[in-house]
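The values are calculated or read from the model by the stated rules, or taken from the named source; none is laboratory data. For clarity, every value in this text was computed on a predicted model and none was experimentally measured. Here Cβ is always computed from backbone atoms with ideal geometry, including for glycine, and neighbour counts include all displayed protein chains.
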Amino acid sequence: MNKAELISAIAAQTNLTKVDAKKALDAFIDVAGETMKNGDRLTLVGFGSFSVTERNARNGRNPRTGDKIKIAAKKVVKFRAGAELEEFIN
């Protein structure tokens, strides 16, 4: 499912227009991004938790040439599914 399909599904389930559903989804994405940018955790009970962790710099290898390369440190988003979501998909 892509973003447009998600907007259509939200609009259908909530009786919102697609424009309003898009505004709501965009607002959620903005708020979630700002929350994690500030180093906070975003928890949606039953769905899951989003958090940001720091990945250390490390050495790697270019698979095409075999040359050693340095992989820079960076922040990554992690998602941990909630119990209800795991139960729903199993």
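Residues of the range 29-40 that are surrounded by 12 or more Cβ atoms within 10 Å (Cβ to Cβ) and either assigned to a helix (DSSP H, G or I) or at pLDDT 95 or above (or both): Ala32, Gly33, Thr35, Met36.
Tallying residues that are of a type in the set (A, V, I, L, M, F, W, C) and in contact with a helix residue (DSSP H, G or I) (Cβ under 9 Å, 6 or more places away or on another chain) within the range 30-43 yields 1. So which residues in the range 9-42 are farther than 25 Å from Lys78 by Cβ and without any contact (Cβ under 8 Å) to a residue 12 or more places away in the chain, if there are any at all? Scanning the range 9-42 gives Ala9, Ala11, Ala12, Gln13, Thr14, Asn15, Leu16, Thr17, Lys18, Val19, Asp20, Lys23.
Among Glu54, Glu5, which is the only one that is outside any strand (DSSP E or B) and charged (D, E, K, R)? None of the other options fit; the residue is Glu5. Checking each residue in the range 74-89 for being hydrophobic (A, V, I, L, M, F, W, C) and either surrounded by fewer than 10 Cβ atoms within 10 Å (Cβ to Cβ) or part of a helix (DSSP H, G or I) (or both) picks out Val76, Ala83, Leu85, Phe88, Ile89. Taken together, the residues in the range 4-28 that are loosely packed, with under 14 Cβ neighbours inside 10 Å and of a type in the set (Val, Ile, Thr) amount to 3.
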